[in-house]
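Undergrad: The structure under discussion is supplied below as structure tokens; questions concerning it will follow.
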Amino acid sequence: MVKRSLRASTVGIEQAKKAFQRKGWTQEYLASEVGLETRQSVWKFFKGQPIERHIFIDICLCLDLDWQEIADLNLNSAPPAQKIAPIVQNLTVVSDVDALVEQVRSLLDSPILAQCGTLRLLDIAQPIPLDEIYVNVNILEQLSSQQWLEVSDLQSATVTPFDRLGLTQSSQKRFLALDTSNLADSQRIIATYPKLMVMGKPGAGKTTFLQKVALQCIRGELPLARIPIFIQLRNLAEEAIGNTITIGDDFSLLDYINQKLSDFGISVQHVETLLKHGKLLILLDGLDEVRADYIDTLLKQITKFSETYYQNSFIITCRFAAQPYRFPGFTYVELADFDQTQIEAFAKKWFITATSKPNEEDGLNLATQFIDKLKLPENQPIRELAKTPILLNLTVSVFQAKADFPKKRSKLYEAGLDILLVRWDEARGIQRDEIYRNLSLPHKMKLLSHIAATTFEEGNYFFEQTEIEQHIADYLTTLPGANTDPETLRLNSEAVLKAIEAQHGLLVERALGVYSFSHLTFQEYLTARNIVASPDTATLMEALQRLSTHIREPQWREVFLLTAGLLRNAEPLLKLMKQQIDSLIAENCHLQEFLTGISQKGYLLQTSYKPAAVRAFYFTLFLDRDLGLAVALDQNLARDLTPELALDLELARAFSLVQSLTRNPDIQQILALGFALNLEKLLERESGLGGEQKRSLFSQSFQQLKQQLPDLGKGRDYSLQWWKTDGQVWAAQFRSMLVEYRQIGQGLPLTALELEGLKQYYQANKLLVDCLNSDCRYSSAMRTDIETTLLKYES
């Protein structure tokens with residue numbers, strides 16, 4: 001009869017271990033290759049314990065082994081005895097503890113490298129050597145959630161114009177977590193804080209940081225001589241479930257460590273010696289990943305162990321809000337978000353290492369493109385996501401495919417949410433205890449969208465805990481069979497909030513009792529998703545109408561773009577946006593005159609550019625000369641300008657200098673104006689408006705005006721005084737000349753209120769065109785209609 005389970009023989013275990021070391025894998029990675037959710041069966045395989053036959057065979061295949069050579073096929077054979085490494089015979093209790101440390105380090109060097117030396121990145125088929133991808137992280141010495149700040153203190157960080165950077169992590173002082181180039185900092189972390197609890201958001205790099213600590217410790221790169229013991233706490237629980245140990249009254253963390261080290265020939269006596277002399281660095285990873293059934297006993301054991309062997313160093317990692325328990329004597333620190341330097345360092349390493357580029361130069365070139373595009377103003381929301389390492393990994397993966405970010409940003413943000421809500425835990429085989437288990441994934445998305453839309457509509461990017469719990473309670477009451485008892489609702493809402501923070505990290509406690517979304521980008525995306533998810537056409541149109549009223553508010557820009565991309569048909573939204581834009585100038589005669597002037601100018605020109613792009617060019621000519629809208633309408637404007645447009649651009653720049661000189665004469669600006677008015681070459685190339693005669697008249701008028709300027713040879717004081725007394729008259733003549741011969745400068749000067757109105761009108765049109773260019777769905781006729789009337793006043 002075929003045996004239903006198999007176990008490895010003593011010889012087979014040795015062959016399997018050698019094959020495993022050659023692969024350079026971790027047990028977690030091997031488990032994922034076999035298709036297992038946990039590494040329990042892999043652990044049993046290497047212990048010689050029976051496991052299911054098909055799993056045994058699959059493990060052997062992954063290790064390139066013949067399963068029949070590895071299996072113990074003797075039905076009556078007993079489980080193999082634990083093999084002790086020969087060096088144990090040479091280890092005795094010695095007075096020279098340092099010698100013992102070196103001997104044990106040599107024993108654990110290969111196991112620590114196998115356990116901590118590689119990193120498994122999402123969407124990368126093979127594990128990556130940690131040293132090739134690791135970027136040193138920063139630490140905050142005070143937890144953000146323990147700051148005594150009010151909502152108003154945090155909200156005031158957002159200024160006008162809208163500043164996304166004010167919504168990110170605390171600006172408190174940061175320092176490098178591990179800096180071997182500066183031993184003072186490393187000494188401060190490991191020696192001054194021998195007991196550390198490292199807190200962080202999901203995907204912030206906690207496990208990776210702990211792996212790097214283990215590697216540096218085993219190599220002797222840390223300032224204190226220690227032996228690292230790296231324990232993934234969820235694996236400890238899994239092995240307990242496998243009946244290796246029983247978590248109960250008889251469970252001891254010391255016994256667990258002794259059992260682990262005995263596999264490498266390190267006796268209980270030597271472990272006790274090392275512990276009493278404070279030579280171990282105990283690294284406990286993922287306290288938040290331990291099942292609720294085991295957490296209380298485990299917490300007690302960690303506390304007891306750390307107090308008994310206080311001479312040793314301890315580092316524990318945990319997600320925010322996962323465990324309210326406080327370990328006595330531990331210093332709590334927070335893993336900081338990546339800054340721009342760290343983002344760039346990771347990108348360079350990733351494109352060289354993870355993309356399997358044929359040479360380093362190709363990887364660096366792609367990294368440079370990524371960094372340059374990430375810095376563009378329109379990519380600021382993506383730059384915000386990249387501050388979290390796991391989401392930075394997503395952005396570089398997405399960028400790799402086309403050397404660009406997707407036009408439809410919603411796909412990128414949806415993938416980011418998918419990682420935090422589902423994939424990040426699944427990839428590591430973690431099955432969490434669902435505090436809000438009755439909420440399916442669609443319900444979680446609806447809840448988060450409800451919270452995002454409600455708070456964003458109110459202009460709140462930070463909110464009190466009681467406020468967010470009320471939003472959760474409001475949603476929970478809409479679910480079938482909901483318990484509406486006020487006290488039950490309050491407790492359930494608090495539990496759901498803590499679960500969202502601990503399991504997904506989408507809501508973060510920024511200060512004591514004050515929350516926000518982990519990234520403003522997610523709040524914007526979920527707000528757009530809430531709009532699009534309206535249950536019927538009438539409700540959707542009402543939501544789109546409300547959205548269109550925010551056309552002048554810069555903080556709504558990303559919501560407009562995301563909503564347009566999520567809609568099956570974006571035409572209703574585009575029409576409403578155009579109506580709102582046109583209403584901005586409906587009752588302002590001066591602004592209407594301004595638009596009429598640029599329309600007339602565009603009509604007189606004979607160019608190959610789109611008429612709307614030409615109007616956009618002249619719209620900002622005397623404002624800030626921002627060509628963003630013009631280029632968005634016609635890419636040809638990003639190249640060489642025609643002589644007509646080039647001349648007008650230089651004249652506008654000169655006029656700006658003139659206006660500045662009339663307000664505050666300055667010798668440097670006087671010299672700059674002299675260079676700016678040197679336009680003879682452009683005048684020769686430009687064909688002019690209205691023919692040769694008009695061009696000649698403009699040239700003569702221009703030269704006559706230049707001759708009226710003060711002679712710099714008469715000295716600085718003379719020139720400055722001339723601009724104070726005669727500058728206004730000269731400036732008026734200059735403007736009259738531009739209006740008469742070049743048909744530019746009409747409607748100037750503008751009041752501060754009119755100038756602000758024009759800027760809002762321009763930005764609203766820029767947003768509308770960006771929506772058109774964002775790969776949203778609409779007809780070609782819709783685009784033609786919009787461009788025909790863009791930046792035009794029609795009475």
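Undergrad: Report, ordered by chain and residue number, the lysines lying within cross-link reach of K173, taken as a straight Cα distance under 17 Å and ignoring same-chain residues fewer than 8 apart.
TA: Cα-Cα hits under 17 Å: K387.
Undergrad: Once both labels are modelled 7 Å past Cα along the beta-carbon direction, what's the E458-E360 spacing in nm?
TA: Calculated label separation equals 5.4 nm.
Undergrad: Considering Cα pairs under 8 angstrom that are at least six residues apart, work out the relative contact order of the stretch 589-789 and quote it in whole percent.
TA: Relative contact order here is 27 percent.
Undergrad: Let me ask another. Suppose we keep just the DSSP beta bridges with both residues in the chain; what percent of those would be antiparallel, to 5?
TA: Within the chain, antiparallel bridges account for around 45 percent of the total.
Undergrad: So how far apart, in nm, are the two label points at E650 and D109 if each is 7 Å from Cα heading toward Cβ?
TA: Between E650 and D109, the label points sit 7.0 nm apart.
Undergrad: Helix 571-583 versus the longest principal axis of the chain: what is the Cα-based angle in degrees, 0 to 90, to the nearest 10?
TA: 40
Undergrad: Cα centroid distance between the stretch 285-328 and the stretch 723-751, in Å?
TA: Computed from Cα coordinates, the inter-centre distance equals 74 Å.
Undergrad: Given a Förster radius of 35 Å and the C-beta distance between S262 and A495 as r, what FRET efficiency does 1/(1 + (r/R0)^6) yield to the nearest 0.05?
TA: Efficiency, from the Cβ-Cβ distance: 0.25.
Undergrad: Shifting gears a bit: Counting only helical runs of four or more DSSP H residues, what would the 222 nm mean residue ellipticity of the chain come to if each run contributes -39,500 (n - 2.57) and the total is spread over all its residues?
TA: -16500 deg cm²/dmol
Undergrad: Further, regarding this structure: How far apart, in nm, are two points set 7 Å out from the Cα along the Cα-to-Cβ line at T596 and at D775?
TA: 4.3
Undergrad: Can you pick out the pairs among K260/K348; K17/K349; K195/K446 whose Cα atoms lie more than 32 Å from each other?
TA: K260/K348; K195/K446, as the Cα separations exceed 32 Å there.
Undergrad: Return the sequence-ordered ³J(HN,Hα) values of the stretch 96-109 in whole Hz as given by the Karplus equation 6.51 cos²θ - 1.76 cosθ + 1.60 applied to θ = phi - 60°, using x for Gly and Pro.
TA: Here the 3J(HN,Hα) series is 7, 5, 4, 5, 5, 4, 5, 5, 5, 4, 5, 5, 9, 4 Hz.
Undergrad: Further question: Lys and Arg at +1, Asp and Glu at -1: add these up for the other residues within a Cβ distance under 13 Å of K260 and post the number.
TA: -2
Undergrad: Please find the FRET efficiency linking S440 to K575, where r is the Cβ-Cβ separation and R0 is fixed at 35 Å, and quote it to the nearest 0.05.
TA: It comes out at approximately 0.45.
Undergrad: Using a Cα-Cα cut-off of under 19 Å, which aspartates and glutamates could be cross-linked to K408, ignoring same-chain neighbours fewer than 8 residues away?
TA: Partners within reach: E378, E384, D418, E524, E558, E571, D770, D775.
Undergrad: Right, another one. Can you put L697, L671 in order of Cβ neighbours within 10 angstrom, beginning with the fewest?
TA: L671, L697
Undergrad: Report ³J(HN,Hα) in whole Hz for each residue of the stretch 56-67, in order, from the Karplus equation J = 6.51 cos²θ - 1.76 cosθ + 1.60 where θ = phi - 60°; Gly and Pro get x.
TA: Going residue by residue, I get 4, 5, 5, 4, 4, 4, 5, 8, 6, 10, 7, 4 Hz, with x marking Gly and Pro.
Undergrad: Further question: Given the Cα-Cα distance of Q380 and A292 and 0.36 nm per residue of separation, how much length would full extension add, in nm?
TA: That works out to 27.7 nm of additional length.
Undergrad: Still on this model: In straight Cα distance, which lysines are under 23 Å from K792, not counting same-chain residues fewer than 8 positions off?
TA: Hits, sequence-local ones excluded: K575, K578, K601, K610, K759, K766.
Undergrad: Could you tell me which label, among (i) -0.39, -1.10; (ii) -0.53, -1.05; (iii) -0.46, -1.10, carries the value of log10 I(q)/I(0) by the Debye sum over Cα atoms at q = 0.05, 0.10 Å⁻¹ calculated for this structure?
TA: Working out log10 I(q)/I(0) by the Debye sum over Cα atoms at q = 0.05, 0.10 Å⁻¹ from the coordinates points to (i).
Undergrad: Please turn the phi angles of the stretch 129-139 into ³J(HN,Hα) values with the Karplus equation 6.51 cos²θ - 1.76 cosθ + 1.60 (θ = phi - 60°), one per residue in order, whole Hz, x for glycine and proline.
TA: Per-residue couplings from phi come out as x, 4, 4, 7, 10, 5, 10, 4, 9, 9, 10 Hz.
Undergrad: Give me V729, V101, V614 sorted ascending by neighbouring Cβ count inside 10 Å, so fewest comes first.
TA: Fewest-to-most ranking of V729, V101, V614: V729, V101, V614.
Undergrad: How high is the relative contact order of the stretch 5-83? Use alpha-carbon pairs under 8 Å, at least six apart in sequence, and give a whole percent.
TA: 46
The numbers here are math on the coordinates, done by the rules we state, and not lab data. A quick note: this is a predicted structure, and the numbers were derived from the prediction, not measured. Counting neighbours? That spans all protein chains shown, and the Cβs are built from the backbone with ideal geometry, glycine included.
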